[in-house]
Amino acid sequence: MKISKTVVTLIPAVVFASAVALTGVSIGRADDMPAVGQVAPAFTLNSQEGKPVNLADYRGKWVVLYFYPKDMTQGCTIEAHNFQRDLAQYDKAGAVILGVSVDSVDSHVQFCTKESLTFKLLSDEKHEVVAKYGSLNQMGQNVMAARNTFLIDPKGVIRKVYTKVSPNPHSEEVLAALAALQKGTSE
């Protein structure tokens, strides 16, 4: 039996593509991710209220821009609850929380209602903002946001980047970094 070179060449590519589909691979590469010291990429997305939210609207405030995979899943609910629990501390520090996923506005409405979330969740169904922030992830046929967070200062500059975030302690980590950065910038 004779095997053509084309078949031999395609087999490793098919095996690789299957492995990618089964394991979940980040499409937004780390080298695509904006780094500390860069101006945060601009965007406008609709919130759960159906209103456009522009990052530039928050100049003069600290912004916790967090990307999360999916509304109403266990890890995402834990992360959102912790941000909600600590919201008064963020308010006191002059910071806002903006959550971004590729879920629809309607999904965000249901998630916020079910979980009593009062901060803004933004819908990126076209995957444009998650791609700009190097946070696009694919699991099989499902495309979602990777769990990454960007702490943006009042001038719009990224001051801290968290990748592959663990949902439970994350809000405390961000609050500690925010306090340290504010102390460092006020001296």
Net charge (Lys, Arg +1; Asp, Glu -1) of residues whose beta-carbon lies under 12 Å from that of Cys112, Cys112 excluded, is -3
What the Cα atoms of segment 120-187 span along the principal axes, largest first and in whole Å, is 49, 27, 20
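Kindly count the pairs of lysines across segment 82-187 whose alpha carbons are less than 18 Å apart, treating pairs on different chains or eight or more residues apart as eligible. Before the final figure, lay out each step's value.
Details: Lys92/Lys120; Lys92/Lys183; Lys132/Lys160; Lys132/Lys164; Lys155/Lys183; Lys160/Lys183.
So the count of such lysine pairs works out to 6.
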Measure of exposure for Glu125: accessible area at 1.4 Å probe, Å² rounded to 10, is 110 Å²
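The values are calculated or read from the model by the stated rules, or taken from the named source; none is laboratory data. None of these values were measured; they are calculated from a predicted model. Neighbour counts run over all protein chains shown; Cβ positions are idealised from the backbone, glycine included. Heads up: the accessible areas ignore ligands, DNA and RNA and are worked out on the full protein's heavy atoms, side chains in. Shrake-Rupley method; radii C 1.70, N 1.55, O 1.52, S 1.80 Å.
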